[in-house]
Every structure is written in C-alpha cells, then in structure tokens.
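The structure appears below as structure tokens.
Derivation of every value follows stated rules applied to the coordinates shown; laboratory data play no part. Note that this is a predicted model, so its numbers are computed, not measured. Heads up, the Cβs are rebuilt from the backbone with ideal geometry, glycines too, and the neighbour counts pull from every protein chain shown.
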Amino acid sequence: MEEINGLFPEKEIISFKLNKVIKRDGRIVAFNKDKITDAIFRAAVEVGGSDREMADTLANKVVAMMNQVYTPDVIPSVEEIQDLTERVLSENGHFITAKAYILYRDEHKRLREGKNEKIIVQDNIPYKILWKYFAWNVDHNCDTAEKLNERIKNGTIGKLIADAEALYDEEINKVAKRIIENRDRIRLVIVAGPSSSGKTTTTTKISEVLSKENISFVLLNLDNYFKDIEEHPKDEYGDYDFETPQALDLPLINQHLFDLLKGKTVKMPYYDFKTGKRFLDRTEFKLEKNQILLIDSLHGLYDEMTKSIPHNMKFKFYIEAICQIRDKDGEFVRWSDLRMLRRMVRDSWHRAYNPLRTVGHWHYVRRAEMKYIVPFINKVDYVFNGAMPYELPLHRKKMLNQFPEILKVYEGDPKKIDAYMRAKRVQKLLSEFVEFDEALVPANSLVREFIGGSSYKY
C-alpha cells in the first residue's frame, strides 16, 4: 500500500460512537469495524499490498470520520460507510488502493445482481424488473449518457420522449386493470415509494383510468395528519424531521381509515405548513360505495400506518425512480441521486426551498427510506418504474449552476461530508449531459410534477 499522510497516529484506537448499520435490504445489524478493515485489505492485496495493520489504521480513520459525521442516535447505511471509506483512501494518498476498492464494490454489486432473477439487488427491487427497464433503454439507445446526448443532437429526443411516456401509460393501465378486476374486495389502495419517485402523478393517472369504469379514486391526504411542528422528532442536526412516520398521528389515521371503510363520516384535520400547526375536525369526509380510498404516502408500506384494515381489502403498489442509465465511467445513476435532483428542482420553484438545504437534509430522507420503505417492498402487489430516461438533461438545465455554491458551503463542514460527496457526484453526473427544449415534454408527464408546467394541480 502507498505511503499515507496520517491524520491520526498509526497505533491509535478510535472508539466508535455508533453500534448499528443499515444493510442494503433494510435490515439493521451490529456495526463491525473489522469488515471495513477486511475490505480495505482485500483491495490492497489486489494491487500488491500486504500490510493488514495499515488497513486497520485506515479503518480507524473511517471510524473517526463517521464519529464526526454522525451523532450516536443516527444509523448510517452500508453505502454511506463505503463512500466514506473511498474518501479516506483517496485523501490519505492511497489512490491505487482506492481504485481497487471501487472495483471491489462494483464486482460485489455485479455478483449480487447476477445470481438469479429473484436476487434483491438494490433497495429490494427484483433483478428481473431492473433488467426489463435496462433492456428497454438499450433497445431505445438511451442506456448511457453518451447515447442520450446523441439522441438530443440528432433530433430524435422527441421520439424517445413519446416512447417513454407510452411505456409509462402502459404500466398505469396494467395497475388500473388489476384494481378493476378486484373491485369487489379492494377498498384501500396504497401507493408507496421514496421521496420524489412520482407517486402523486401516478395516482392521478390511475384515477383517470378508474373513472372510465365508474370507479372513483378518493385521496386521503396524509399531510394533514402531521402533528404540530413542536411535536415532530428532530434529526441529528436539530432540524424537524418530516420523513419519519412518527411525525404523523398514526392512531388518528387508523381510526379514520377504519371508520371510513365502515361507511362512517369522519372529520379530517388540516395542517398548515407555514405555521407548523394542525387544526382538528376541519373537513367532513365519507367514502361512497363506488369509491376506493387512496393513500399516497412515503410510509404507505409501514405496517403501523394501516394496521386497522384487513389485508385482503388493500392493494399495495410501489413506485421507484429506477433509472437504468450509465455515466461516462460505466456506473449506473443512483436512483436516490435522481430523486434528490427532482426534489431540488420542485422545492426551488414550488416551495421556495433552497436547493442547498435539500442536499444537506437528504441524509435523513435516505435513512428513513432504508428504515421504513425498503424492508416492506417484498409485501407489495406491484412494482412500478417512475423514472423517465430523458429527464436528466432537464435537471441539468435547472440545477447545474447551483452546485458550485453548494460545494463551497459544505466542503469545510465535517458534519456535512456526506452532503459534499453527494453534491460532487451529482454535479459530475449533470455535467455529462447536453440540454434540450423542455417544451417537448407533455403537459401531463410525470416529469412535470418536478420541473413545473403540468396540466395537473399539485
């Protein structure tokens, strides 16, 4: 291994303030520093190294950095720890080992993906679903940034947009058909998915199809069930956490669901986001015989959310932005990065929310997903892709110029290392694309939920 510029003495033992980690399948397990040491050592061996003691020293540096980034009440993900390990290797001069470590991560990812079609490869999405969308992108010459750029340059981006929208509508019709075929027993449809995956537009479009069969889809807006802001849990930086289900009044939600499906009238609350206050008994609501109740929620799969309703009366549908595009280095775009971009764009124009803050807070958004969504995906009735293969150039146009300032703010803050790394990665990704006229995007497209100009009201 290369000579290092040590931040800490080689023999210093770094105690770890955290004792758990979130695995890729959502399970929370005990943290084991030796696994970091083993991974670094294996990477070093690949490039001719043989000093396990040095690998352990570097692992201690990773732990020290984690102690800076995370407070004891936070549970980091395996992915976050691996990102920090890459950073430690690079910052300490181990560039060759860092490259081998990156290749090691990639190899293990491919092994996980390649076992069989039932393998859970990313956020509990089955391999056969990933392959379906990747194959579609290959067939339509948009599976890489380079190919997508070529379609923009040669003027065929309009055709790609039309084809992608047609595929999306096809999936909408499949889901609606399953609901229609089981209309006698299904009274509650749950549309779940991580932040900015496209839940709102998708549920609206399903509603349009159901209405043709004289089935009315009635939305129960769970945003109105947020507790008063002072009752919200806070994240490790003292910010109010809207991403945890504990920010919602779960007992009241269950009581109202139970009453509604019994044919009773309930009085729904109203939540004022400007003041952070909830007002009870504001709006009367009753479910009619030809109506199906809809829940569109980040936490729709969380068992405690709908425990008062029998399983056979529910239809659970999951949406994720399954972006199957590779960058210039051959790496697949991270779904969470695409969703963060969507949220940055939407929040900047719709909620006057600074994109800088969106990046800085994304750490607890992602952890909430890993804890409250990913473990329950295998319980859903249908998995749907909410990513559009043409959308990254649109986000480049709206957000690329924001990243120099974001990087400047977060670069020197040890508690925002994860935000800095994420911002740097996304800036590089956006820089690879060329732009096109967003007027080519239909007014009823899912993408309009984020970039604006939609024919739907959100």
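Summary table
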read-out: Label-point gap, in nm, between ASP228 and ASP38 - each point 7 angstrom along Cα→Cβ; value: 5.1 nm
read-out: Exposure proxy order (Cβ contacts within 10 Å, fewest to most) of LEU250, LEU446, LEU293; value: LEU250, LEU293, LEU446
read-out: At q = 0.06, 0.07, 0.08 Å⁻¹, base-10 log of I(q)/I(0) for the chain (Debye sum, equal scatterers on each alpha carbon); value: -0.28, -0.39, -0.51
read-out: Exceeding the 27 Å Cα-Cα cut-off - candidates LYS227/LYS316; LYS132/LYS199; LYS132/LYS174; LYS147/LYS408; value: LYS147/LYS408
read-out: Lysine pairs within the range 20-114, Cα separation less than 21 Å, 8 or more sequence positions apart or different chains; value: 14
read-out: Cα-projected label distance for SER455 with VAL138, points at 7 Å along beta-carbon direction, nm; value: 3.5 nm
read-out: Net length gained if the chain between TYR353 and GLU304 were fully extended (0.36 nm per residue, minus Cα distance); value: 14.6 nm
read-out: Order by protection proxy (mean Cβ within 10 Å, highest first), peptides 303-310, 280-287, 359-366; value: 359-366, 303-310, 280-287
read-out: Approximate spin-label separation LYS424-ALA439, in nm, with each point projected 7 Å along Cα-to-Cβ; value: 4.0 nm
read-out: Potential extension, SER90-ASN378 segment - 0.36 nm per residue separation minus Cα distance; value: 100.0 nm
read-out: Under the span-like rule (Cα at least 30 Å along the axis, Kyte-Doolittle mean at least -0.5), DSSP H helices of the chain; value: 157-181
read-out: Extension reserve of the VAL78-LYS328 stretch, reckoned as 0.36 nm per residue once the Cα distance is removed; value: 87.5 nm
read-out: Estimated FRET transfer efficiency when R0 is 45 angstrom, pair SER431-ARG282 (beta carbons, to 0.05); value: 0.45
read-out: Normalised alpha carbon radius of gyration of the range 20-114 [divisor 2.2 N^0.38 Å]; value: 1.06
read-out: Per-residue Cβ neighbour rank within 10 angstrom, fewest leading, TYR70, TYR127, TYR270; value: TYR270, TYR127, TYR70
read-out: Förster-model FRET efficiency, 22 Å R0, ARG178 and VAL218, C-beta, rounded to 0.05; value: 0.75
